[in-house]
Structure formats: C-alpha cells, structure tokens
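Peer 1: The structure under discussion is supplied below as structure tokens; questions concerning it will follow.
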Amino acid sequence: MSKPGPVDEAYEPYEPRRRVPLPVYWVAIALALWGALTLWQDSTADRTGARERLMEANALERRQTMTGSALFAERCATCHQADGSGISGAIPPLASSRFVQADPRVIVQILLHGINGPIVVDGDDFNGHMPAFGSVLDHDQLARLATAVRRTWGPGGIIDPRFVAAERARTANRGIPWSGGAEIAAALDPAIGIQPAYHPPASASADTTALSIARNGKSGGWSCASCHGANGEGRDGVPRLAGQSADYIAGQLLAFANGSRPNDIMRPVASQLSASERGGLGRLYAALASPSTSRSELAGDLARGAELALYGDDRRNLPSCFSCHGPSGFGVAPSTPSIAAQQPGYTAGRLAALARFARSRPGAVMPAIAARLNDTDRRAVADYLATLPPSPVTARKDAR
C-alpha cells in the first residue's frame, strides 16, 4: 500500500457547467426593457416640457408686440364680435355704447376688473359677466387694446400705458368685478346715465324642493352641491351647471336616469328624481349667475383651441364648436348646452367619452365629431373654452 502524497492546496474540484435558468434571462430582459423605456419617457418628457415652455414664451412675445386691434381679435371678438355688434340679449354692443364713449377711466377699469351685473347699452338690458384682463395683460397691452376700442367705436384718442398703470394702482385692492353699470356710472362717470341697480344672486329659490335637493340631496343621496359646487360652478372633472338651459339640465337628468347617457355616479342620483324635481333643478341652475372658476390647466394650445371653436378644421371635417353651440359657446336651448367657461377636465373627458360611441351610434353628431379629435385637440379646445366668460343669465335665453 503506497503512502499518500502531500495535499495540493491550490486544487479545485471539477464542477460541471450548468445552464442559466430561463427565468433569470426573462428578469434580465425585463429590466433592460424597463430601463430603456424609462430613459425614453424621461427624454420625451424633457422634450415636451421644453416645447411647451417655448410655446409659452412665443405666445408671450407675440402678445407683447400685437397691435390693439389684434389683441381685440384674440381677447374680445369672440363675445363682442369682430364688428363690435355684440350678441342680442347676451353681449352688449361696443358701437354706440356710452361706456366706450365715456371718460377713458371707464374702459380701463372695465378691462382691469371686469363687470358682473346688469347694464343698459343703447336702450337694451344685459345682465352677464365680463372677465377681468388685469391679471393677464400688462399696462402697455391694456393701453393698446383700450385705444383700439375707443378709436373704432368711441371718441378716439390714445390711452397711455402710464395712465393704465395709475388706474391699476388706484384700484389695486378692489379684488372683485364692477357691480354692473350703476356702480361704474356712480364711481367713474355720471355721464353714462341711469343704470339698473345691482342685486346679488338670491340665496334662496321659490322652488324649495329643488333647493333642498341641490343642497342636501334626496332620501340620503348625494347633493348636487357636493360635486358641482354651491353655486353650480363645477370643479376639476365635474361640469359647470350655472347658466345652462333649464330644459337641457332636466333632459340630461332624465337621460342619466333611463341609462341613455351612461354614468355610474349620476344614474342612482337621477333615478330618485321625479319629472317635476328634474324641472325644478333645471330652473334653479339656469338662474344662477356664478362667476367662472375654470382655468386652462391641461397644457392645451390655446391658439389651436380658438381655431377649432371659431372656425373648425375643414381638412378633418370638423365644424366649429360655435356653429352648433351658439355664439361664444353660450348654448342653444333646449338641447345644445353652453360650453363657455366649462371646466376643462370635464370637457376633455366628455369628448373622449363621446368618441367611444362613434361606432355604436353612427347617426349621432357629437360622437362622430369627437372621434375626429385627437388628444392634443381635445386638450386645446377644452383649455380655450375654459378662458371664455360664462353664459349670461337672460330672460330670453330659452327663446333664443
């Protein structure tokens, strides 16, 4: 029997080669794909952000160099019309308006703070809301705009940016719109003449049942105000109801109840309501003149949104929004809703929902139109409509 030799300390036993399990490959491939996708998304987000910042800078630069007439076309013509004729029963004309012909402080203060309440222009009554431009236009832009309006429909003359700056400083703490023509005439220029007194929107309704449902709900159900706001102003993806046609609101409540307009949230609420209660809620919200709370918040291209709303897009067989929804998007009672000052999240979401019905409802107008809008166009038109003043409350609204 031989004697064993010394042990080799560097010796390593033979290990057979084994294949790497397939799950390890799958994990590695998934991680690689995830990393590549993350890098691509980050780069896309950076490019999108840079593109949006460039668009905002270009828009700001363009407005800073626009003439007064161009500013009027962009900011005012949607409501007052390009020729200053206004809209009968809803928007006052600028031609023959004492407010335009009055002391220049009047037009500057209206542009700075807006108007909320009744005025009389050329013998006709108007009761709506004009938005303020003091927060979106600087002294020079407001001066150019006011000068263009007074040169076209007023006594003429040039309004100096320093005059606008002084007027802004003088009323810097105001914080609210002018309360109709009576306050403007009393505070700025009595030569405007006698104007109707301003009465704040009533906090109560003759239809106590409708008011109770709006505030408290029915039979333990959700109240309207819990989602749509205390004054029907809407929020986020919940629509504005204030100023809509009474018949339109009642009709939509019926559609929610019978399922012809599918909505899992609204159907149980609407199903509890009788026909008289639906009508009462319609009249209640139609009479509310709450200021707009909607803002452009979807990063939409406002110029593209204005194009679609005003003119449509013939290349894609898209009619203008206002061709059906009325001048300035104020709606056409009883079946076509107001879309002015609507919450942009609701508008974009509603257009996307309608597009899904294009195939199942081949004869319906809005699903076909919505299906031709891509996501970019939906955001653009929703953000543009959010910048418009809300539909005014007038006695002749349903007659229109």
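Peer 1: Exactly one condition in (1) of a type outside the set (D, E, K, R); (2) in a loop (DSSP other than H, G, I, E, B); (3) open to solvent by 60 Å² or more (accessible area, probe 1.4 Å) is false for SER338; which is it?
Peer 2: (3)
Peer 1: Pairs please, first residue from the stretch 350-364 and assigned by TED's automatic domain parsing to the domain that holds ASP377 and in contact (Cβ under 8 Å) with a residue 12 or more places away in the chain, second anywhere and open to solvent by 80 Å² or more (accessible area, probe 1.4 Å) and assigned to a helix (DSSP H, G or I), Cβ atoms under 8 Å, 6+ apart in sequence or on different chains.
Peer 2: These pairs meet every condition: ALA352/ASP375.
Peer 1: Here's a check for you: in the stretch 276-313, which residue that is hydroxyl-bearing (Ser, Thr, Tyr) and outside any helix (DSSP H, G or I) is farthest from PRO131 (Cα to Cα)?
Peer 2: In this case the residue turns out to be TYR311.
Peer 1: To continue, here is another question. For ALA380, indicate whether it is farther than 17 Å from TYR311 by Cα and not assigned by TED's automatic domain parsing to the domain that holds GLY84.
Peer 2: Taking the combined requirement at face value, the residue does not satisfy it.
Peer 1: Further question: State yes or no: is SER320 polar (S, T, N, Q), more than 30 Å from ILE115 (Cβ to Cβ) and not assigned by TED's automatic domain parsing to the domain that holds ASN127?
Peer 2: Against the criterion (polar (S, T, N, Q), more than 30 Å from ILE115 (Cβ to Cβ) and not assigned by TED's automatic domain parsing to the domain that holds ASN127), SER320 does not qualify.
Peer 1: Filter the stretch 117-138 down to the residues that are in contact with a strand residue (DSSP E or B) (Cβ under 9 Å, 6 or more places away or on another chain) and open to solvent by less than 30 Å² (accessible area, probe 1.4 Å), then identify the one that is nearest to SER391 (Cα to Cα).
Peer 2: For the stretch 117-138, the residue satisfying everything is GLY128.
Peer 1: Counting just the residues of the stretch 242-265 that are open to solvent by less than 40 Å² (accessible area, probe 1.4 Å) and in contact with an Asp or Glu (Cβ under 8 Å, 6 or more places away or on another chain), which one comes out farthest from PRO291 (Cα to Cα)?
Peer 2: Restricting to residues being open to solvent by less than 40 Å² (accessible area, probe 1.4 Å) and in contact with an Asp or Glu (Cβ under 8 Å, 6 or more places away or on another chain), the top hit is ALA246.
Peer 1: Provide a single number: the residues in the stretch 367-400 that are modelled with pLDDT of 95 or more, of a type in the set (Gly, Ala, Ser) and open to solvent by 70 Å² or more (accessible area, probe 1.4 Å).
Peer 2: Count: 0.
Peer 1: Next up: For the stretch 314-335, enumerate the residues that are open to solvent by 20 Å² or more (accessible area, probe 1.4 Å) and in a strand (DSSP E or B).
Peer 2: Listed by number, the list holds a single entry, VAL332.
Peer 1: Take the stretch 345-355 and flag every residue that is within 25 Å of ALA287 (Cβ to Cβ) and open to solvent by less than 30 Å² (accessible area, probe 1.4 Å).
Peer 2: The one that is within 25 Å of ALA287 (Cβ to Cβ) and open to solvent by less than 30 Å² (accessible area, probe 1.4 Å): THR347.
Peer 1: Exactly one of (1) buried (at least 16 other Cβ atoms within 10 Å of the Cβ); (2) among the polar types (S, T, N, Q); (3) in contact with a helix residue (DSSP H, G or I) (Cβ under 7 Å, 6 or more places away or on another chain) is unmet by SER292. Its number?
Peer 2: Only one criterion is unmet by SER292, namely (3).
Peer 1: For the stretch 186-237: of the residues being exposed (fewer than 13 other Cβ atoms within 10 Å of the Cβ), of a type in the set (A, V, I, L, M) and within 18 Å of ARG278 (Cα to Cα), which is modelled with the lowest pLDDT?
Peer 2: Ranking the candidates gives ALA204 first.
Peer 1: Among the residues of the stretch 96-105, is there at least one that is assigned by TED's automatic domain parsing to the domain that holds PRO177, modelled with pLDDT of 85 or more, within 24 Å of ILE176 (Cα to Cα) and within 25 Å of the chain's Cα centre (by Cα)?
Peer 2: No, that holds for no residue.
Peer 1: Go through (1) open to solvent by 60 Å² or more (accessible area, probe 1.4 Å); (2) in contact (Cβ under 8 Å) with a residue 40 or more places away in the chain; (3) under 18 Å from THR387 (Cβ atoms) one by one and return the number of the condition PRO268 breaks.
Peer 2: (3)
Peer 1: Of all residues in the stretch 168-183, count the ones that are of a type outside the set (A, V, I, L, M, F, W, C) and part of a loop (DSSP other than H, G, I, E, B).
Peer 2: 6
Peer 1: Is there any pair linking a residue in the stretch 211-238 that is closer than 15 Å to ARG283 by Cα to one that is open to solvent by 40 Å² or more (accessible area, probe 1.4 Å) and in a loop (DSSP other than H, G, I, E, B), with Cβ under 7 Å and at least six apart or on different chains, and which?
Peer 2: LEU211/ALA204
Peer 1: Just need a number here: residues in the stretch 139-167 that are among the β-branched types (Val, Ile, Thr), open to solvent by 60 Å² or more (accessible area, probe 1.4 Å) and assigned to a helix (DSSP H, G or I).
Peer 2: 1
Peer 1: Between ALA306, ALA364, ALA358, ALA275, which is open to solvent by 60 Å² or more (accessible area, probe 1.4 Å) and out of contact with any Cys (no Cβ under 9 Å at 6 or more places or on another chain)?
Peer 2: Result: ALA275 is the single residue among ALA306, ALA364, ALA358, ALA275 that is open to solvent by 60 Å² or more (accessible area, probe 1.4 Å) and out of contact with any Cys (no Cβ under 9 Å at 6 or more places or on another chain).
The values are calculated or read from the model by the stated rules, or taken from the named source; none is laboratory data. Remember, it's a predicted structure, so these values are computed and weren't measured experimentally. Backbone-built Cβ (ideal geometry, glycine too); neighbour counts: all protein chains shown. Areas reflect the complete protein model, heavy atoms only, side chains present, ligands, DNA and RNA absent. Shrake-Rupley method; radii C 1.70, N 1.55, O 1.52, S 1.80 Å.
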